[in-house]
Protein chains: 6
Amino acid sequence: MTRIAVINPNMSTGFTDKVGAQARRIVASGTDVIALNPQFGPASIEGYYDEAFASVGLLATMRGLENPTDKALDPKPVDGYVVACFDDTGVDAARCLTKAPVVGLCEAALRFAAIVASRFAIVTPMAVSVRPLEHLVAKYGASSQCVVRAAGVRTLDFEGENADMAYLALKTAAENCLAKDGAEAIVLGCAGMTDIADRLHAELGVPVIDGVSAAVKMIEAMGMLGLATSKAGAYASPPVKSYDGIFAEFAPVA
Amino acid sequence: MTRIAVINPNMSTGFTDKVGAQARRIVASGTDVIALNPQFGPASIEGYYDEAFASVGLLATMRGLENPTDKALDPKPVDGYVVACFDDTGVDAARCLTKAPVVGLCEAALRFAAIVASRFAIVTPMAVSVRPLEHLVAKYGASSQCVVRAAGVRTLDFEGENADMAYLALKTAAENCLAKDGAEAIVLGCAGMTDIADRLHAELGVPVIDGVSAAVKMIEAMGMLGLATSKAGAYASPPVKSYDGIFAEFAPVA
Amino acid sequence: MTRIAVINPNMSTGFTDKVGAQARRIVASGTDVIALNPQFGPASIEGYYDEAFASVGLLATMRGLENPTDKALDPKPVDGYVVACFDDTGVDAARCLTKAPVVGLCEAALRFAAIVASRFAIVTPMAVSVRPLEHLVAKYGASSQCVVRAAGVRTLDFEGENADMAYLALKTAAENCLAKDGAEAIVLGCAGMTDIADRLHAELGVPVIDGVSAAVKMIEAMGMLGLATSKAGAYASPPVKSYDGIFAEFAPVA
Amino acid sequence: MTRIAVINPNMSTGFTDKVGAQARRIVASGTDVIALNPQFGPASIEGYYDEAFASVGLLATMRGLENPTDKALDPKPVDGYVVACFDDTGVDAARCLTKAPVVGLCEAALRFAAIVASRFAIVTPMAVSVRPLEHLVAKYGASSQCVVRAAGVRTLDFEGENADMAYLALKTAAENCLAKDGAEAIVLGCAGMTDIADRLHAELGVPVIDGVSAAVKMIEAMGMLGLATSKAGAYASPPVKSYDGIFAEFAPVA
Amino acid sequence: MTRIAVINPNMSTGFTDKVGAQARRIVASGTDVIALNPQFGPASIEGYYDEAFASVGLLATMRGLENPTDKALDPKPVDGYVVACFDDTGVDAARCLTKAPVVGLCEAALRFAAIVASRFAIVTPMAVSVRPLEHLVAKYGASSQCVVRAAGVRTLDFEGENADMAYLALKTAAENCLAKDGAEAIVLGCAGMTDIADRLHAELGVPVIDGVSAAVKMIEAMGMLGLATSKAGAYASPPVKSYDGIFAEFAPVA
Amino acid sequence: MTRIAVINPNMSTGFTDKVGAQARRIVASGTDVIALNPQFGPASIEGYYDEAFASVGLLATMRGLENPTDKALDPKPVDGYVVACFDDTGVDAARCLTKAPVVGLCEAALRFAAIVASRFAIVTPMAVSVRPLEHLVAKYGASSQCVVRAAGVRTLDFEGENADMAYLALKTAAENCLAKDGAEAIVLGCAGMTDIADRLHAELGVPVIDGVSAAVKMIEAMGMLGLATSKAGAYASPPVKSYDGIFAEFAPVA
């Protein structure tokens, strides 16, 4: 029995439900999925400012799962965490908080993309995310094979009445990547697009990598193997100290 | 009249006072310095986890300065911000929040170091900070000329009764960088070391760059020139949206 | 039902059995594993020369699986291939030959390692493999977080009477990586070490990543998701042409 | 009292006056500015050949300031040098010649640009300067965030009757960088453009960084802090030796 | 007397004759040229799959020259090898097999191009070769000054009735590189283009580097100097072991 | 008949004679060698300051060869230039001055080294040259396979009574590179070492690359092929303009 926690770091329960449903659809029969979002924070994550606040919400949510007696949650331990945001919001900090492996959508999607394509493109909703994603791509060592392009739509447009328009904008951006950037596959640069991967793949004829699916399956695999986050260096448990004010309860403890 | 805000993102008022005093000591006569720290968050910043919480405290503090009528603070606008932490905690997000230029200690110190030395070393208190700083060094494009080493002491040791021991550990680490890494200058990898730069410089005989001084003078220079953060891309103002829970008051507004 | 082919590109049936057994031990209940090696080629792969010959054996073996009527093999299609060699022998060429995803041990292990550790080391048997592996690490974009070290033993020493000596040499090399290179985890740089991962992990106290396990679980995950190799660029099917002599039967066909 | 020497390495006294005036306009009241150019060398610097000759003129001029008794110049020491050319002509050699900090326009401008923009463009007059500037950008570690484009005009066109045409060509090139390269700010790639920064900023609506202003303020800041060039490595004083012929007087002395 | 072996790793004797003729045309009077191709393998090399098979043919051919008593070939030793394919097929493995220096067309052409141009372009026949060549360019450290473009023709089209059409497609691609990529010189990305270098140079007015000529002259120079491949690391002789099946005769021997 | 000019950019006629003799010893019978040094400049080149002056001497010498009627020198054109200094002093500027190909010792030596070794080391006399050479290695794209070490002796020590001591220091430094840096070959980092390559090779047992020999043979090869420096970009002829003072005679002309 493997238990995976999929944490959407923004406050959209619609997103949380969507990514949870997708996760449950693809895990093995023996895998348990918890899908959660924080109890405070931004409605969506578009750029650095939202990301800073969402990181804290993510960490607070993980603390609840790591120390279940405090929070009256399910006492069974989590074997792996997915940070269900394509900005990989707070992933490094999250790794300090648990022995379970933690992965974000971008990292997982880039790894799967590199296996099925020599060159590929991330298509993300808004232009404001392009540079943060380029920094992630550089951090993950994929700059020489991955470009980042924006579709020019809001993240939340993929839900609700603008969904068709958003899809078309995304598809057009993806087609440009194939034609002009030499991309051989498309990576969906937002958790909210998880349900359009199949349609886009059918219409474009190239692999379309959904970060939610990639991250869930990768962390499930690692959880099954029992791989744990190293505590020997950068991901060591945070040194014990006091936190003040509204963050007092989040202080690292021994 | 140029107004500089120096924000220490941790809760140590001792640190805040120290960096404020250093800032005031080095600015031009026409420059006004405000030194602040958040009203909530960690006592010090050692690694990714502390950094995530400190980022939010930093942003909350900056909002108070940017929208002074809300907070009954001084109404004079800020011409430049220093994030007084060597991890450059939250700097990218901070740039989204203001038109004034924003710099962290690491970025400023690396720039000054590269002018006076061809190869140099950052010496930081704890090993847990080495990888985060190496990522910063890579982000700033200085990997080929800068190594990061740890002295093996706690950040807070530089204040109080362990200060002598901490200084000696730092000096030993710095000497090793000069002898074995080919460093030609030393960068102090923590805001809390600002008052030992002169002593270390005198004892080592090579340039010692204190990030507080570097950042304050650099942002003062940019403020005097009237340089503003670009709103045309990654540092655009955060899109308007709702934030929930304890973060509701920090939602981006038009 | 997902079918995974694990191809050991050298002629050691001992290796093939070992990696096959490890693969079967870790896959989900619905996953079928075929473990094979070529019918011609080198007894082990140590350096560039062996690799060139082993690549052809690998491709010949894959052709048998891709075109089962020619070879009277099992007609069920393969959903994913593992090239069970840490040199990722022939992986790029293999991707041209099939729509199923293909991964080598090194690529998969590096991806898992980067999730559980900020910096890590590959420990490989012989010095002659260090530079080929460094080139792989660079190709996979991991040079800034991964060093490659040799234990100074032959690959085949991990089987048979020298196994204890080989293990000790490996462990010593790994300990040096932790102490001197800042490694936070160890990657086993040879398929033949798959059965010592648990022991080494227990004795070192840091994550030990076995490439066989990583590659099998990763390709199983991708097979389950139905991800296919892109045929839009570098991994397009080989253009039809004639091959002569002993390679005549391996000519690309439409 | 801080004394800054701004050395224009070409022979255009018009340029020298212009950069001197700009420097005096922006320094603090306690800062003394000397603006000089060599007594021999090229009329402007366009490409590698001009640069080689201009470097020697720069060094000769600096020697006069460093050893004032020889030259009957003002005996007050210089606290910082600006090499007022965007090619950073001779900067490394200049650092060997003095303990004061030395910076070129390109290095200073890139550092300020990186603080106010995530991605930016250098616009330089002639195409022949593009590759030399790209090499500088790479040396300064900014290749991933900075492109270099040429306006297609001569450097000297920014003075005199062609100035309007030159300005328009520059503005058009800058607009293309904003539209097509994702630039969020413009860096003026020539000392001779220092007086058009405000106009271009007003018309483009993004930050425009003038290297003269950036370098003067940065070196003034470093001079005020008392930061000195390290003599421990690449910028050590030149070993004593003889020089012959027209360069005899420039031989390094103890 | 210097003896150079030029090995075309594909089965086209037309190519072999062409590159042999070109080699003989350019070597010094005291240099002996042998032009050979394998006795088995693909008719041409277009992408990774062909390359894997051609590598083995190359190595088999070299063994014949290195151990002439086995093969009844000329007993005079070879002073340098040219792998006459622009993919540098099997070059690393070939270096393990001989003490003579070995170079491929791509490596040699890039080195000559970098001497006569600051930025240049490889024009190759088919799109399927672009990524393999980009990987070579990265391996050789030339990514910042070299782009790879495809003319959209088959390799074999440069011989026979389609030769005019192939030439025109190549020329058009080259012109685009000059106009849009800032290339200052063109590198011919296929051994089969060796006879069109002069015409293209005459029509484009920029240097055109033919890999055959570059590699032959470079290896002739190294052979004359007596430079030998190092056996101290990655290019050590392959460890002795058994090979099975159709590769049995190629097993490394002491 | 190919004519090669070997220009030693320093004033040591001893060095000039030595490199000239070595050049003549290795060129083909039909190749004519001119060995020259400037008529003004430093006695040796050790670091950035010497280099700046030596560059001008080099260019002045080349002008004499390119415009022989002015200088009453031999009217036969030069087919290729070697800048006989391992710092590649002034090479970019030199390429602007001629259509003949121009190469420095470092670039040529790195290219030959990369053909015979996967990893190698430059051993240079003085520590002050390490960073300039590291910048060259980075410019030539070889940072991942080449380290630079200093022997701790003066350049001129390789001539005269200290020659034995200098040789021993060099050999010790080279041995350390083999043992600790994984170097498989040694590159001699100074023109003055050209006559000790054979001895060092014999004593170390690995390839020793002498830059003089590498550059002379490479430029001879390029001259024979008729390869010319591109005038389409960075190496275009310098724009016509006036030079003043002692440099008046070096002004670019049409």
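Derivation of every value follows stated rules applied to the coordinates shown; laboratory data play no part. What you are looking at is a predicted structure, and each value in this text was computed from that prediction instead of being measured. No Cβ is skipped: glycine too gets one built from the backbone with ideal geometry, and neighbour counts run over all protein chains shown.
Summing charges over neighbours of B:Q145, with a neighbour being any other residue whose Cβ is under 15 Å away from its Cβ, gives +2 when K and R count +1 and D and E count -1.
Enter the per residue convex hull volume of the range E:1-113, computed from alpha-carbon coordinates, in Å³ rounded to the nearest integer. Display every interim value, and only then the final one.
Details: hull volume 11.6 nm³, N = 113.
Once divided by residue count, the hull of the range E:1-113 is 103 Å³.
Once Lys and Arg get +1 and Asp and Glu get -1 on their Cβ, which of D:T124, D:I186, D:A251 lies farthest toward the positive end of the dipole of chain D? Ranked along the dipole, the leading option is D:A251. How many angstrom lie between the C-alpha centres of the range D:21-55 and the range E:1-39? Between the Cα centres of the range D:21-55 and the range E:1-39 lies a distance of 57 Å. Principal semi-axes of the equivalent ellipsoid, √(5λ) from the alpha carbon gyration tensor of the range E:47-141, are 28, 16, 9 Å from largest down. Charge tally for D:I115 (other residues, Cβ to Cβ under 15 Å; Lys, Arg +1; Asp, Glu -1): +2. Farthest toward the positive end of the dipole of the range F:106-211, out of F:A108, F:G211, F:T172, is the Cα of F:A108, where the dipole comes from beta carbon charges about the Cα centre.
By other beta-carbon atoms within 10 Å, ranking F:K217, C:K76, A:K231 with the fewest at the front produces C:K76, A:K231, F:K217. In this Cβ point-charge picture (+1 for Lys and Arg, -1 for Asp and Glu), the range B:106-211 has a dipole of about 460 debye about its Cα centre. GNM remark for chain E: springs join alpha carbons under 10 Å apart, and the peak mean-square fluctuation among E:G233, E:G64, E:G192 falls on E:G233. Where nothing but the Cβ of Lys and Arg (+1) and of Asp and Glu (-1) is charged, how large is the charge dipole of chain E around its Cα centre, in debye to the nearest 20? Result for chain E is approximately 620 debye, rounded to the nearest 20.
Run the dipole for the protein assembly as shown about the Cα centre, Lys and Arg Cβ at +1, Asp and Glu Cβ at -1, nothing else charged, and hand back the magnitude in debye, nearest 20. Write out the running numbers ahead of the final one.
Details: 126 positive and 168 negative charges, 1 e Å.
About 0 debye.
Ordering B:S237, D:S118 from the fewest to the most neighbouring beta carbons within 10 Å gives B:S237, D:S118. When Lys and Arg each count +1 and Asp and Glu each count -1, what net charge do the other residues less than 12 Å away from F:P252, Cβ to Cβ, add up to? Net charge around F:P252: -2. Where the eigenvalues come from the Cα gyration tensor of the range B:106-211, what are the semi-axes √(5λ) of the equivalent ellipsoid, largest first, in whole Å? Semi-axes (√(5λ), whole Å): 20, 15, 12.
If you run the Gaussian network model on chain F, springs between alpha carbon atoms under 10 Å, then out of F:A114, F:A52, F:A202 the most flexible one is F:A202. Note on chain A: with a GNM built from Cα contacts shorter than 10 Å, the maximum mean-square fluctuation among A:V147, A:V206, A:V91 falls on A:V206. Directionally averaged projected area (the protein assembly as shown, Cα convex hull): 51.5 nm². Taken as Cα centroids, the range B:129-172 and the range B:190-254 sit 19 Å apart, rounded to the nearest whole angstrom.
3J(HN,Hα) along the range E:183-196, derived from phi through the Karplus expression 6.51 cos²θ - 1.76 cosθ + 1.60 where θ = phi - 60°, amounts to 5, 10, 7, 10, 9, 6, x, 6, 4, x, 9, 4, 8, 10 Hz, with x in place of Gly and Pro.
Both radii were evaluated on the Cα set of chain B; the Rg over Rh quotient, with Rh as the Kirkwood radius, amounts to 0.97.
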